[in-house]
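Notes follow once the structure below has been shown.
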Amino acid sequence: MKLRIDSVSVAHARRLAGTIVDPVADFIAGHSTLSVERAVARLCGVDGVDSQGVPLPNRLVDALPERELGVARVLGAALAETGRSPQQVAEAVAAGEPLPDPSRTPETAQRAALRPWIERGLARIDAVRARRAELLVRLPQAPPPLLYVIVASGNIYEDRTAAVAAAEAGAQIVAVIRSTAQSLLDYVPYGATTEGFGGTYATQENFRIMRAALDDVSERLGRYVMLTNYASGLCMPEIAATAALERLDMLLNDSMYGILFRDINMQRTFVDQHFSRQLNARSGIIINTGEDNYLTTADAIEQAPAVLASQFVNEAFAHRAGLPDEQIGLGDAYEIDPDLEDGFLFALAQAQLARQIFPAAPLKYMPPTKHMTGNIFKGHLIDAMFNLTSVMTGQTIHLCGMLTEAIHTPLLGDRALALENARYVMRTARHFGDEIEIKAGGRIERRAQDVLAATLRLLEDVAQRGLMTAIEAGSFADVRRPRSGGRGLEGVFAKHPAYWNPFAEALAGEPVAATR
Amino acid sequence: MIRPYGDTLDDGVVQLSFTLPIPWSEAADEAARQLVAQMGFTDVAVADGRPIASRFSFFVVYARTPVAIDVSTISVPAAGGEALTMDAVDALIAERIGRKLKVVGACIGTDAHTVGIDAILNMKGYQGHSGLERYHGFEVYNLGSQIAVDDLVRFAQEREVDAILASQVVTQKGSDIANFTALAERLEAAQLRGRILLLAGGPRVTNLLAAELGYDAGFGRGTLPSEVATFIARRIAERDAA
């Protein structure tokens with residue numbers, strides 16, 4: 001099954017995405033954020049909370065005498081002066097001791113003192129990545145679309161039970177939905193948690209609990225079950241750091257989602273997404289972008305070009321952070337109005353378009369939500385059409401739709417029914433897409449060509465205005481966000497000429513080239 | 001008196017499906033059957049029982065209920081008559097109220113799902129029906145997601161709004177009820193309840209639930225902006241006339 005699309009237009013769209021992203025990349029290069037610095041502290045081994053429950057990475061970074069230098073310089077100075085470990089320095093700060101003035105020690109001494117901790121941090125990330133690679137060889141996954149389900153009880157121990165049951169029922173990826181409040185917290189909660197609304201807090205301990213349970217069931221089933229969480233909100237880099245250490249396999253990570261849908265300041269998000277993606281690149285974590293969000297509120301037909309444009313922009317940002325195509329899970333969703341004649345054809349066109357334009361990307365396909373009504377019987381049927389579209393167009397990451405979408409967070413039985421639906425459809429139609437040809441000049445192909453043409457117009461407009469100005473004007477999802485508005489701006493700062501982020505330094509490789 | 005209708009009047013047939021936290025076996029099917037019988041159903045037939053995980057089984061059950069209900073005893077207050085068009089609402093506000101009505105909407109508590117409140121308030125609206133922002137008769141403040149109840153009350157007080165639209169999508173562990181209740185109580189405590197119209201919205205909200213929580217109206221799944229607009233305009237016009 002192949003659409004005839006104009007490769008010159010596709011190449012032009014990619015160039016435009018580069019034009020859009022480059023000025024933002026310059027801004028990113030000159031700035032850091034509190035969450036970036038806390039991620040650096042975490043990777044140097046700082047963990048735990050003070051007596052009030054405040055995470056030590058927060059205590060340490062909040063105590064910086066001059067944050068423009070970055071936490072590494074000051075931490076290096078403290079290590080050089082006292083011979084303590086980074087953790088001991090953070091504990092001393094929490095006990096009320098001030099951090100040293102970094103101008104007292106030479107920069108070379110600071111770098112030398114921190115060097116072993118940096119190497120240790122990188123070695124931990126690399127060891128985790130190597131361990132995943134080894135498990136994937138020994139416990140191979142079933143072929144894609146990889147069936148992805150969410151657990152969201154609020155209690156990590158109930159989530160664990162649900163995750164293991166889902167894996168047994170055929171799930172290949174389990175995502176733990178976060179509590180609705182977490183995206184706006186400017187810290188990462190600590191320890192195992194048993195209370196949350198609409199989801200479970202992302203904490204390093206919760207990651208560990210879930211990873212251990214999934215490792216156990218992976219061994220039992222003879223196939224590796226992946227774990228997913230959310231590097232979104234105000235703590236993208238810190239979540240990326242903890243996920244790297246606890247062997248999460250995927251992270252939701254979008255370059256604009258926080259800005260548009262959580263009203264997080266755009267400067268903050270752009271800087272945070274870059275460092276978090278650098279960490280994802282090193283740790284072998286596949287990112288999932290959030291284009292589905294464009295469709296959940298607005299009309300899917302109308303917003304189709306915005307989805308494709310966002311995929312190009314996400315790809316360009318991801319390449320600049322060093323992510324190879326194989327780790328860029330660009331998003332889309334099956335949100336076509338079931339009352340629309342030929343809606344299935346339009347969904348097929350969009351999904352196949354993304355497949356052909358991003359051939360090496362592990363595309364993430366999201367299920368219907370907007371038109372799910374509580375009529376579970378019809379909902380199960382719509383999900384089956386979504387499953388068919390996914391297998392026909394060779395999507396990689398397939399978030400199973402729940403018949404009870406719009407009623408409650410999934411019950412254990414809902415998940416089993418959803419997996420059964422997906423497995424049936426994908427088995428019975430496994431090679432359907434290989435066996436049929438799309439009619440030249442027919443409805444599906446014309447729709448794909450229209451979407452591509454409209455995407456070019458949108459990208460040209462955004463390139464001309466500049467991304468930040470375009471977001472201010474509401475070019476994406478009809479949401480307007482001012483450059484200095486939203487949450488988290490106070491945590492953004494311009495780097496001092498002597499600023500040092502040893503991990504960004506180690507992770508900055510050659511930008512990855514775009515797919516032809 | 002009525003009972004559920006399978007294929008014959010008064011047969012009382014219902015379908016149930018549920019999960020039990022036990023490995024599947026024939027004994028599990030029997031456990032499901034007895035469980036449904038103990039709920040008061042008769043003629044229980046386990047149509048399908050099977051494992052869905054090593055420690056969980058899923059069942060589809062048909063059974064009959066002896067319970068019947070007298071529908072004439074049931075009354076559900078509807079949130080005010082038939083909806084007017086946007087132009088008619090604007091005309092009503094202009095003629096009978098004579099000023100713009102200030103409306104504030106928010107997803108309260110930790111809820112981050114603005115899809116409902118956006119459908120009602122945003123210019124673009126829902127299902128081809130414009131949102132309140134497009135009406136001449138309303139001045140709309142959409143505060144968005146995760147708005148603390150206290151902040152919403154303070155905003156309503158400072159801007160002297162005529163109506164508050166509180167939205168809740170997440171219902172886990174009763175968080176929606178807790179938030180709705182907190183808002184009603186804070187408004188009462190701030191002595192604002194008398195002059196501000198209080199509306200609840202969300203996919204699981206019914207007008208009956210809203211009435212029980214002390215709200216003026218509740219709007220559930222599929223509500224059009226014009227229905228909310230009509231309710232606000234009519235209610236305030238009635239109040240002004242009184």
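Taking the listed residues B:125, B:131, B:116, B:144, the one that is more than 21 Å from residue A:264 (Cβ to Cβ), surrounded by fewer than 21 Cβ atoms within 10 Å (Cβ to Cβ) and within 13 Å of another protein chain (Cβ to nearest Cβ) is B:125, with no other qualifying.
Test residue A:433 against the criterion of being in contact with a strand residue (DSSP E or B) (Cβ under 7 Å, 6 or more places away or on another chain), surrounded by 14 or more Cβ atoms within 10 Å (Cβ to Cβ) and in a helix (DSSP H, G or I), and give yes or no. No: the conditions fail for residue A:433.
So that you can scan it fast, the table gives a plain yes or no per residue for (1) touching a Pro at 6+ places or on another chain (Cβ under 7 Å); (2) closer than 30 Å to residue A:389 by Cβ; (3) touching a residue at least 40 places away in the same chain (Cβ under 8 Å); (4) part of a helix (DSSP H, G or I):
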residue	(1), (2), (3), (4)
A:68	no, no, yes, yes
A:73	yes, no, yes, yes
A:135	no, no, yes, yes
A:148	no, yes, yes, no
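For the range A:281-316, taking the residues that are among the acidic types (Asp, Glu) and within 14 Å of chain B (Cβ to nearest Cβ), the one that is nearest to residue A:18 (Cα to Cα) is identified as A:292.
Checking each residue in the range A:168-217 for being away from every other protein chain (no Cβ under 14 Å), over 17 Å from the mean Cα position of the chain (by Cα) and among the small types (Gly, Ala, Ser) picks out A:191, A:192, A:212. Filtered by the rule that a residue be more than 26 Å from residue A:7 (Cβ to Cβ), of a type in the set (Ser, Thr, Tyr) and in contact with a strand residue (DSSP E or B) (Cβ under 9 Å, 6 or more places away or on another chain), the range A:341-384 gives a lone residue, A:369.
Criterion first (in contact with a Lys or Arg (Cβ under 9 Å, 6 or more places away or on another chain), in a strand (DSSP E or B) and of a type outside the set (Phe, Trp, Tyr)) does residue B:17 satisfy it? In short, no.
Inspect the range B:62-85 for any residue being exposed (fewer than 15 other Cβ atoms within 10 Å of the Cβ), within 14 Å of chain A (Cβ to nearest Cβ) and over 30 Å from residue B:8 (Cα atoms) and give the result as yes or no. So far as the range B:62-85 goes, no, none of its residues is exposed (fewer than 15 other Cβ atoms within 10 Å of the Cβ), within 14 Å of chain A (Cβ to nearest Cβ) and over 30 Å from residue B:8 (Cα atoms). Can you confirm whether residue A:371 is surrounded by fewer than 20 Cβ atoms within 10 Å (Cβ to Cβ) and within 26 Å of the chain's Cα centre (by Cα)? Here the answer is yes, as residue A:371 does meet what is asked. Is the range B:50-70 home to any residue that is assigned to a helix (DSSP H, G or I) and under 30 Å from residue B:207 (Cα atoms)? No, that holds for no residue. Does the range B:22-37 contain any residue that is assigned to a loop (DSSP other than H, G, I, E, B), of a type in the set (S, T, N, Q) and surrounded by 14 or more Cβ atoms within 10 Å (Cβ to Cβ)? Checking the range B:22-37: not a single residue is assigned to a loop (DSSP other than H, G, I, E, B), of a type in the set (S, T, N, Q) and surrounded by 14 or more Cβ atoms within 10 Å (Cβ to Cβ). Across the range A:388-416, the number of residues qualifying as more than 14 Å from chain B (Cβ to nearest Cβ), closer than 16 Å to residue A:427 by Cβ and either free of Cβ contacts under 8 Å to residues at least 40 places away in the same chain or assigned to a loop (DSSP other than H, G, I, E, B) (or both) comes to 2.
Quick note: the coordinates plus some simple rules give every number you see, no bench work behind them. Bear in mind that the values here come from a model prediction, so they are computed numbers and not experimental data. Using ideal geometry, Cβ is built from the backbone for each residue, glycine included, and neighbour counts are taken over all protein chains shown.
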